Each structure stands twice: as structure tokens, then as C-alpha cells.
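Before any comments, here is the structure.
A short reminder: the numbers here are calculations on the coordinates, not readings from a lab. Computed from a predicted model, the values in this text were never measured in an experiment. Counting neighbours? That spans all protein chains shown, and the Cβs are built from the backbone with ideal geometry, glycine included.
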Amino acid sequence: MIKKISVLVVDDSALIRKLLTEIINSQGDMQVVAVAPDPLVARELIKQHNPDVLTLDVEMPRMDGLDFLERLMRLRPMPVLMVSSLTERGSEVTLRALELGAVDYIAKPKVNIASGLQGYSELIAEKIRACAQARVHSRGRAQDVSAAGLRAKSVAATRKRVGYSSTEKIVFVGASTGGTEAIKDFLIDLPADMPAIMITQHMPENFTRTFAERLNKLCALHVKEAVDNERVLPGYVYIAPGSQHLEVKRSGANYMTRLHSGPPVNRHRPSVDVLFNSAAQLVGNNAVGVILTGMGKDGALGMLEMQRAGAYTFAQNEASCVIFGMPKEAIAQGGVNEILPLMQLPARVIECLGQRTNRV
């Protein structure tokens with residue numbers, strides 16, 4: 001008999017606790033072992049039940065969810081799925097939770113709307129399964145790299161130089177679960193004179209702009225949420241907006257961005273495959289592809305097309321991924337040239353760009 005994934009639900013709303021319990025218990029491979037109205041009760045229930053996954057609200061009595069998460073990841077790390085409102089303030093809080101070590105996040109269910117609950121149930125079940133398989137660190141990521149340390153890395157990156165400036169080369173990056181922190185770690189080690197970087201990270205609306213603004217404060221590069229039909233320039237990072245696909249296109253001698261609201265691909269919009277396929281078609285051997293931690297297979301076939309078009313491609317290795325789904329699928333398709341730990345990727349991408357520039 002297969003052991004079910006045990007879940008502890010922490011939320012101050014009795015209605016939300018009841019709804020999440022019903023959703024989770026309707027799945028054959030998981031069950032709610034306990035519920036808690038606040039972190040202090042949750043602390044005792046964790047000791048009692050040793051759950052596989054914790055779902056955690058943010059605004060609760062007696063202790064804020066983020067304060068609890070920070071203590072939990074320092075003292076007793078475990079997979080945490082944040083349940084938050086997808087608002088501008090919610091995006092700030094959720095990104096902070098991911099910095100502290102939460103695996104993923106999901107919107108609060110709309111308790112007064114019956115329609116769409118089936119889709120929500122499938123999504124939360126998928127995220128809980130991923131959390132149960134995730135690698136969590138013995139300390140919160142925010143403790144691993146202090147704010148002062150991040151600033152020092154950014155200053156060091158500003159002083160580094162690739163040694164050339166190319167409007168022809170572009171780096172394409174795809175990520176999903178665990179990707180917000182992986183992208184930060186990747187970008188913060190890159191110098192200001194990098195070729196342009198285009199990124200698709202699976203995120204909802206209201207999150208990508210906040211995400212870009214946070215990265216822009218930390219990195220030597222200029223990081224922004226992409227807008228439609230802007231020129232793609234060296235030294236800039238363009239992040240696909242939530243709910244829109246990002247592609248690269250040509251306008252004369254220039255590369256430009258293209259945003260559109262086409263159908264989801266691999267159930268995602270934005271989709272990594274959409275970005276990577278445009279890179280294969282238009283950038284060819286001037287592209288470098290990087291696929292980072294994430295759940296599912298989005299980006300695997302697009303990376304294969306990039307490689308076939310002459311691009312050099314990298315995948316994050318299993319040990320450094322939160323979820324090894326997307327890199328694993330890309331490797332299985334045969335579209336990956338090198339598999340590396342996250343901390344080695346920035347230097348190797350810089351080296352690769354230099355080598356390929358010298359051959360042009």
C-alpha cells in the first residue's frame with residue numbers, strides 16, 4: 001500500500017481550512033492529518049504528526065506566517081506551500097516567503113464560487129505532490145545569503161566584465177517551481193555588460209513586475225518586466241509578464257520582444273517552450289539556452305529545437321534543483337549540452353558566450 005502524502009493545513013479561516021481539507025482529502029494519494037488556526041498551534045501539531053507538506057497562510061493571529069516560516073526553515077525545514085492572495089501586496093509577501101524557503105505558492109480558493117473549483121483542486125494537488133518531492137535546505141535561503149552578501153555579490157558583478165558587448169547574442173532562460181530564487185542566484189553573478197537575457201518563469205499576473213523590480217535592485221544588470229515590441233538590448237534582462245507569452249522577433253537588424261495571449265502551452269502562459277522555439281527560429285547559434293528548476297516538461301522540446309538550430313544549452317543539475325522536473329525532461333529529450341550545479345552556471349555561460357563570440 002502506497003503511503004499517502006500527509007498535509008497540515010494552517011489558516012486562521014475555518015472556512016478555508018474546511019475547503020482545503022475537502023479538496024486535499026478528495027485526492028487518493030494525500031490526506032490532511034491536522035489543521036491549525038495559527039502558527040503556535042501548528043508548531044505542536046508538526047511535532048505530533050510530522051507532516052510531509054505544510055500549507056501556510058500569511059496573515060494570522062499570534063504570529064505572522066512569514067515569521068513562522070523563517071523560524072521553521074531554520075529549525076525544522078520542511079516543504080511549505082504558501083496559500084496567499086494574488087495581489088500586489090500578496091506578490092511581495094509571497095516572493096519573500098520563497099526567499100525564506102517556501103517551495104511554492106497558490107492563490108486562496110474563492111469559497112463563494114463553485115465554478116472553477118475542479119481546476120483549483122487539480123492545481124493544489126499537483127503543487128502538494130511537487131512539494132512532497134522537493135529538496136528543502138537546512139536553513140532558509142534568506143539566511144544562507146544575507147542582504148549584505150547579496151549587495152557585495154552585485155558590486156562584484158558590476159566590476160566584472162564579459163569583455164565584449166553583443167547585440168546578436170541572447171541568453172534564454174526558463175524556470176518554474178523554485179525558479180524565483182534560482183533566477184536570482186543566476187543573475188546576481190552576471191556582469192553588467194552581458195548580452196540580453198530573456199526569461200520565462202511560470203508566474204501569475206501581479207507577480208512578474210514585482211519580481212523584476214526586486215531583481216533589478218539586486219543585480220548589476222537592468223531587470224524589467226518585458227513590454228511588447230521593445231528592442232532587446234545588451235545589459236538588460238526581460239521577464240515574461242504573467243499571463244502573456246514572450247517571444248523574440250526580428251525588425252531589420254534588431255531583435256525585439258513580442259508578447260501575446262495565445263493559448264497556454266503545456267498548460268502555461270507564459271510558456272518556456274514558446275520562448276525557446278522563437279529563439280530556435282530566429283536566433284539560432286547566437287543563442288544560449290538555460291533551463292532551471294521546475295515542475296513538469298515545459299521547455300524540454302523548445303530546448304531541443306534550440307540545440308538543433310545551433311544554440312548551446314545548459315540544464316541545472318538535480319542536486320541543486322528544488323524540483324528536477326523541467327531539467328530532467330530537457331535532458332531526456334537530448335537537447336542539453338551541459339548539466340551543472342546552479343552556482344557554476346553563471347561563469348560557464350559567460351565562458352560559453354566568449355567562446356562563441358570568438359568563433360563568429
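Once you keep just the Cα pairs under 8 angstrom separated by 6 or more residues, what percentage relative contact order results for the chain? Before the final figure, lay out the partial values.
Working: 817 pairs, mean separation 43.9, N = 360.
The value is 12 percent.
What does the helix-only formula give at 222 nm for the chain: each DSSP H stretch with n ≥ 4 adding -39500 (n - 2.57), the total divided by the residues, and the result rounded to the nearest 500 deg cm²/dmol?
The helix contribution divided over the chain gives -12000 deg cm²/dmol.
Between residue 13 and residue 129, what is the label-point separation in nm under the 7 Å Cα-to-beta-carbon projection?
Label-label distance for residue 129 and residue 13, simple model: 2.6 nm.
Between residue 2 and residue 282, how many nm apart are label points set 7 Å from Cα along the C-beta direction?
4.2 nm
Once fully extended, how much extra length lies between residue 110 and residue 339, figured as 0.36 nm per residue of separation less the alpha-carbon to alpha-carbon distance?
Taking 0.36 nm per residue and subtracting the Cα distance, the gain is 78.3 nm.
How do 245, 268, 222 line up, fewest other C-beta atoms within 10 Å first?
Numbers: 245 24, 268 19, 222 15.
Ranked by crowding around the Cβ, least crowded first: 222, 268, 245.
Assuming R0 = 30 Å, what is the FRET efficiency of residue 347 and residue 92, from their Cβ-Cβ distance, to the nearest 0.05?
Working: r = 31 Å, r/R0 = 1.04.
That pair, residue 347 with residue 92, gives E of 0.45.
Measure up 4/110; 224/249; 169/249; 3/297; 184/297; 18/127 against 24 Å on the Cα-Cα distance and list the ones that go over.
On the way: 4/110 26 Å; 224/249 18 Å; 169/249 13 Å; 3/297 26 Å; 184/297 22 Å; 18/127 19 Å.
4/110; 3/297, as the Cα separations exceed 24 Å there.
Relative to the present Cα-Cα distance, how much length would full extension add between residue 243 and residue 122 at 0.36 nm per residue of separation? List each step's numbers first, then the result.
Working: separation 121, 0.36 × 121 = 43.56 nm, distance 1.91 nm.
This chain segment gains 41.7 nm when fully extended.
When only Cα pairs under 8 Å and 6 or more residues apart are kept, what is the percent relative contact order across the stretch 147-359? Before the final figure, lay out the partial values.
Values: 537 pairs, mean separation 42.9, N = 213.
About 20 percent, as a whole number.
Just subtract the alpha-carbon distance of residue 71 and residue 250 from 0.36 nm times their residue separation and send over the number in nm, one decimal.
On the way: separation 179, 0.36 × 179 = 64.44 nm, distance 4.92 nm.
Going from the current span to full extension adds 59.5 nm.
Which order do 76, 96 fall in if you start with the one that has the fewest other Cβ atoms within 10 Å?
Arranged by neighbour count, lowest to highest, 76, 96 become 76, 96.
Considering only DSSP states other than H, G, I, E and B, which trypsin sites (Lys or Arg not before Pro) in the stretch 233-271 qualify as loop sites with at most 14 other Cβ atoms within 10 Å?
Working: sites: 249, 250, 258, 267; in loops: 267.
Those that pass, being in a loop and sparsely packed, are 267.
For residue 29 paired with residue 62, estimate the spin-label separation in nm (one decimal), with each label point 7 Å from Cα along the Cα-to-Cβ line.
3.4 nm
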